[in-house]
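For reference, the structure discussed in these notes is given below.
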Amino acid sequence: MITRTAVRAAPHPGRLRHVQSDPPTVRGALGYPTAQRLAAQLLRGTPATSAEQAVVRILAVQGQDPRGLRLAVRARTAGVTAADVEDAFTESRSLVVAWLNRGTLHLVRAADYWWLHPLTTPQLATANTLRLRRAGVSESHAARGIDVVAARTIEAGPQRRAELRAVLDAAGVPTAGQALMHLIYAAALRRHLIRGPIVAGEHAYVVAESWLGPAPQPLDRAEALGRLARRYLAGHGPADARDLAVWGGVNLGDARRGLAAIADETTTDADGLIDLTNRAAVDDIAPPRLLGPFDPILHGWASREAILGPHAARVVTSNGIFRPFAMVDGRAVALWRLDGDHVRLTPFEPLPDRALQHLEQDAARVLDFLGLPPKDWRVDAP
């Protein structure tokens, strides 16, 4: 029996009973375009079988939260663990984290980094220069700092943040306050500094060519815009040019040009939403999921209303933090967190017992993915 006063302590997640029936509907069936977008995002239908496959579908996964990017992979895969993601960073070098779309860190396939960087980052340099100046870093200090950071990672191998601070301090380059991160960002924009391997539990910095090998031949801009539009729709369609512009950090004209370049591969509905014509139909329902902080389902379109509804301010804080949330029937229904020795769910409204059972099972899968021991499951009163 579920107690909705205070909290509910559930059976040990490692001994959860299997729920045979379909996941519950809380607020009605999925509607268009939410159902199609969830399928594009691999949140319904057949999941990916590797971290790389999931990232390829989304193209660029919001990456400033280390656990969040791993949980984004978790929600879209089967049989994958956080250790597999770390292997992709450190062993196969197939995934990297870089400042790309909108000037935000993103998890991308290594091969996609090379064409996304020149397409989505040149427009970020002016703002970066201004922030360096405000942080007390002169133009000459910035140029020297960028060279020092790039040289250090090439000569000494992957470097953690503290190691870069030390070498910049030794070179007389200011690093106080926000100066260090703005210098690292500048090196990312101008010298292809990326986050590559995991070193002592921390994502270390490398120069892309020294870690991944020589850069391929650059794409013509028109070709790159078409590729961006195609790949965006694969993981986010149906959508429109404004959605693509907001997500990709490109201007609206470029978004329209990219979509026009692949017009023979797409269809447009009566509302102006565009999708790939070869999209496979997905008939199954979207199972309840626990999604991590900054999940891609909240970053792919100009509006989050379909997912968050009246709960936007509870999931997205005023300072831009995206909290972990539970999704049932394609909509946010609760916040969740790892809280000491238990997984704690805080619903926005009363949830059916069947929905709670499915979320409890997903909590066990989250812990298994992260390599954490099973924990109790508790549900706050809404």
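On the given criteria, is Val250 assigned to a loop (DSSP other than H, G, I, E, B), within 19 Å of Gly300 (Cα to Cα) and either of a type in the set (Val, Ile, Thr) or at pLDDT below 95 (or both)? Before you say what the answer is, go through the steps one by one.
Numbers: assigned to a loop (DSSP other than H, G, I, E, B): yes; within 19 Å of Gly300 (Cα to Cα): yes; either of a type in the set (Val, Ile, Thr) or at pLDDT below 95 (or both): yes.
For Val250, the condition - assigned to a loop (DSSP other than H, G, I, E, B), within 19 Å of Gly300 (Cα to Cα) and either of a type in the set (Val, Ile, Thr) or at pLDDT below 95 (or both) - is met.
Residue-by-condition table, conditions (1) hydrophobic (A, V, I, L, M, F, W, C); (2) open to solvent by 10 Å² or more (accessible area, probe 1.4 Å); (3) within 26 Å of Ala51 (Cα to Cα); (4) at pLDDT 95 or above:
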{"residue": "Arg337", "(1), (2), (3), (4)": "no, yes, yes, yes"}
{"residue": "Gly340", "(1), (2), (3), (4)": "no, yes, no, no"}
{"residue": "Val343", "(1), (2), (3), (4)": "yes, no, yes, yes"}
{"residue": "Pro347", "(1), (2), (3), (4)": "no, no, no, yes"}
{"residue": "Pro350", "(1), (2), (3), (4)": "no, yes, no, yes"}
{"residue": "Asp353", "(1), (2), (3), (4)": "no, yes, no, yes"}
{"residue": "Gly371", "(1), (2), (3), (4)": "no, yes, yes, yes"}
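Among the residues of region 139-151, is any surrounded by 19 or more Cβ atoms within 10 Å (Cβ to Cβ), touching a Gly at 6+ places or on another chain (Cβ under 8 Å) and either among the small types (Gly, Ala, Ser) or closer than 30 Å to Glu223 by Cα (or both)? So far as region 139-151 goes, no, none of its residues is surrounded by 19 or more Cβ atoms within 10 Å (Cβ to Cβ), touching a Gly at 6+ places or on another chain (Cβ under 8 Å) and either among the small types (Gly, Ala, Ser) or closer than 30 Å to Glu223 by Cα (or both).
Counting just the residues of region 38-71 that are in a strand (DSSP E or B) and touching a Ser or Thr at 6+ places or on another chain (Cβ under 9 Å), which one comes out nearest to Val366 (Cα to Cα)? Ranking the candidates gives Ala48 first. Residue-level check: of (1) at pLDDT below 95; (2) within 30 Å of Arg221 (Cβ to Cβ), Leu273 misses just (1).
Residue-wise test of (1) farther than 22 Å from Leu276 by Cβ; (2) free of Cβ contacts under 8 Å to residues at least 12 places away in the same chain; (3) not hydroxyl-bearing (Ser, Thr, Tyr).
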site: Gln41; (1), (2), (3): no, no, yes
site: Thr49; (1), (2), (3): no, no, no
site: Leu59; (1), (2), (3): no, no, yes
site: Asp65; (1), (2), (3): yes, no, yes
site: Leu71; (1), (2), (3): yes, no, yes
site: Gly79; (1), (2), (3): yes, no, yes
site: Ala83; (1), (2), (3): yes, no, yes
site: Arg93; (1), (2), (3): yes, no, yes
site: Trp99; (1), (2), (3): yes, no, yes
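Taking region 47-69 as the range and being among the charged types (D, E, K, R) and within 21 Å of Gly249 (Cα to Cα) as the test, the residues that pass are Arg57, Asp65. Among the residues of region 313-347, those that are within 21 Å of Ala364 (Cβ to Cβ), assigned to a strand (DSSP E or B) and not hydrophobic (A, V, I, L, M, F, W, C) comprise Arg337, Asp339, His342, Arg344, Thr346, Pro347.
Can you name every residue in region 248-295 that is open to solvent by 30 Å² or more (accessible area, probe 1.4 Å), touching a residue at least 40 places away in the same chain (Cβ under 8 Å), of a type outside the set (A, V, I, L, M) and over 30 Å from Ile321 (Cβ atoms)? Within region 248-295, Arg279, Asp284 meet the criteria.
When Arg76, Arg109 are checked against the criterion of being within 20 Å of the chain's Cα centre (by Cα) and buried (at least 24 other Cβ atoms within 10 Å of the Cβ), a single residue qualifies: Arg76.
For beta carbons closer than 6 Å, sequence separation of 6+ or different chains, a first residue in region 315-335 that is in contact (Cβ under 8 Å) with a residue 24 or more places away in the chain and a second that is among the charged types (D, E, K, R) and assigned to a strand (DSSP E or B), the qualifying pairs are Met327/Arg289.
Please enumerate the residues belonging to region 234-243 that are under 17 Å from Glu305 (Cα atoms) and among the aliphatic types (A, V, I, L, M). Steps first, answer last, please.
Keep residues of region 234-243 that are under 17 Å from Glu305 (Cα atoms), which gives 236-240, 242-243.
Result: Ala239, single match.
Return yes or no: is His358 of a type outside the set (D, E, K, R), crowded, with 16+ Cβ neighbours inside 10 Å and at pLDDT below 95?
Values: of a type outside the set (D, E, K, R): yes; crowded, with 16+ Cβ neighbours inside 10 Å: yes; at pLDDT below 95: no.
Criteria not met by His358.
The values are calculated or read from the model by the stated rules, or taken from the named source; none is laboratory data. On a predicted model such as this, the values are computed, not experimentally measured, just so you know. Glycine also receives a Cβ, built like all others from the backbone with ideal geometry; neighbour counts cover every protein chain displayed. Ligands, DNA and RNA are stripped out before the accessible areas are found, and what is left, the full protein with its side chains, is counted by its heavy atoms. Shrake-Rupley method; radii C 1.70, N 1.55, O 1.52, S 1.80 Å.
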